[in-house]
Amino acid sequence: MIFDQAWLAFAVFLENYEYVAFGIIIIAALALLPRKRVFAVSAGVTLAASWALKLFFHQARPCLTQAALVACPPDFGFPSGHAALSGLLLIAGMGSPWTLLFAPLGLLIGYSRVFLGVHTPEQVLAGFALSLVIYLLIWRVSPWEKKGKNDGRKK
Amino acid sequence: MDEKNKQFEVGRQWFHILFGTGLLIGSVLLGPQNTRTAYFVAMLIGLAILHLKLSGMRLPLIDPVLSRFERSSALFPGQGALMYFAGALFVLSFTPFHFALGAIAIVAFGDGFATLVGLYGKWKLPWSPKKTTEGLVAFILSAAGIAALVIPPLHALSYAIILGVLETADIPADDNLILPVAATVLYYLAPFAV
């Protein structure tokens, strides 16, 4: 019962105070996770790409036709912007102990969008896919990361 | 490239082709939704393995596979596999299922056969001396052939040609990621070309 209430409060907080929530998460991620510049650039590109793709695909949210636990957001649903940003948390912490906090958080944020009824699972998965591709591309081509055998792996 | 490295690449590409074939057959059997879920789960597993390797852990079952099939120039362990699943998940999420299968087939077969044939090719491409004309032709023919099983043959050939030329470009990113993303972009640009 308490867990259900806490989970609902968490999901609703992410929806109603998304800028505050993601601001805190991004600042924490920048402070704690490795490859900070890759993360920062990826976050910016992901935000822009998610916004542009929502306008391109014009796909409605499920809450327009079905009941949801919160008020239906006015923008389009594909891909999920929350999932796109939280997808970065799945990969950005690789090699750091902090990934044990951020990666599950990323998954929970994605799931919360389906739980609230504001996204379909496909829209959330697309968000995850978008950010994973963006992060991997930027990581691969970034001039800030060492390449090859000396790639920052723990010695 | 010396003979030892050539043999390494031959083994690597056959694994790439056979692995891709297995994934395609599995995808057809699972259907669209289950395939996306399966690829996402595979990504999560791959990320977990990556985390453990970057943390310095030894994984007795995984390390021999990585040392056999991963290039020494890889940015991180398992780069090829992770990029492959990420690219496949992307095209599965953003395009219709049958098209995504075609794109995944192009990556698996085209890229694989391009390398296998290109290793022994003689005619260097003018815009990319590291690649050969024979490799490019092998990419186009193999990719178009397999993709034509799931998308119209003329479309398959068109995508194979464009992606084959893209594959020869010296882009500092993994083909397993670039080609599916490019295929996705091409899918939405194609109506404007008609």
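The values are calculated or read from the model by the stated rules, or taken from the named source; none is laboratory data. Since the model is a prediction, treat every value here as computed from it, not as a measurement. With ideal geometry, Cβ positions are generated from the backbone for all residues, glycine too; neighbour counts draw on all protein chains shown. Ligands, DNA and RNA are excluded from the accessible area calculation, which covers all protein heavy atoms including side chains. Shrake-Rupley method; radii C 1.70, N 1.55, O 1.52, S 1.80 Å.
Working only within the stretch A:13-46, note down all residues that are open to solvent by 40 Å² or more (accessible area, probe 1.4 Å) and more than 21 Å from A:MET94 (Cβ to Cβ).
Answer for the stretch A:13-46, where residues must be open to solvent by 40 Å² or more (accessible area, probe 1.4 Å) and more than 21 Å from A:MET94 (Cβ to Cβ): A:PHE13, A:ASN16, A:TYR17, A:GLU18, A:TYR19, A:VAL20, A:ILE24.
Counting just the residues of the stretch B:68-84 that are at pLDDT 80 or above and more than 9 Å from every other protein chain (Cβ to nearest Cβ), which one comes out nearest to B:ILE146 (Cα to Cα)?
It comes out as B:TYR84.
Which ones in the stretch B:15-57 are outside any helix (DSSP H, G or I) and within 12 Å of chain A (Cβ to nearest Cβ)?
Selection gives B:SER55, B:GLY56, B:MET57.
Residues checked against (1) modelled with pLDDT of 85 or more; (2) polar (S, T, N, Q); (3) over 19 Å from the mean Cα position of the chain (by Cα); (4) open to solvent by 80 Å² or more (accessible area, probe 1.4 Å):
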site	(1), (2), (3), (4)
B:GLY11	no, no, no, no
B:GLY20	yes, no, no, no
B:LEU24	yes, no, no, no
B:VAL28	yes, no, no, yes
B:PRO32	yes, no, yes, no
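In the stretch A:113-134, which residues are crowded, with 24+ Cβ neighbours inside 10 Å and either more than 9 Å from chain B (Cβ to nearest Cβ) or over 12 Å from A:GLY87 (Cβ atoms) (or both)?
Within the stretch A:113-134, A:ARG113, A:VAL118, A:HIS119, A:GLN123, A:VAL124, A:SER131, A:ILE134 meet the criteria.
Select from the stretch B:142-194 the residues that are in a helix (DSSP H, G or I), surrounded by fewer than 19 Cβ atoms within 10 Å (Cβ to Cβ) and within 14 Å of chain A (Cβ to nearest Cβ) and list them in ascending order.
Within the stretch B:142-194, B:VAL185, B:TYR188, B:LEU189, B:PRO191, B:PHE192 meet the criteria.
Within 14 Å of another protein chain (Cβ to nearest Cβ), out of contact with any Phe, Trp or Tyr (no Cβ under 6 Å at 6 or more places or on another chain), at pLDDT 85 or above and closer than 17 Å to B:ILE17 by Cα: is that true of B:LEU101 in this structure?
No; evaluated as a whole, the condition is false for this residue.
Could we say that A:PRO79 is in contact (Cβ under 8 Å) with a residue 12 or more places away in the chain and away from every other protein chain (no Cβ under 14 Å) here?
When the stated conditions are applied, A:PRO79 does not pass them.
I'd like to know if the stretch B:115-128 contains one or more residues that are hydrophobic (A, V, I, L, M, F, W, C), open to solvent by less than 30 Å² (accessible area, probe 1.4 Å), part of a helix (DSSP H, G or I) and in contact with a helix residue (DSSP H, G or I) (Cβ under 8 Å, 6 or more places away or on another chain).
Yes, the stretch B:115-128 contains a residue that is hydrophobic (A, V, I, L, M, F, W, C), open to solvent by less than 30 Å² (accessible area, probe 1.4 Å), part of a helix (DSSP H, G or I) and in contact with a helix residue (DSSP H, G or I) (Cβ under 8 Å, 6 or more places away or on another chain).
When you scan the stretch A:1-12, how many residues do you find that are assigned to a helix (DSSP H, G or I) and exposed (fewer than 10 other Cβ atoms within 10 Å of the Cβ)?
Qualifying residue count for the region: 4.
Picking from A:TRP139, A:TRP144, which residue would you name as being among the aromatic types (Phe, Trp, Tyr) and surrounded by fewer than 19 Cβ atoms within 10 Å (Cβ to Cβ)?
Unique residue meeting the criteria: A:TRP144.
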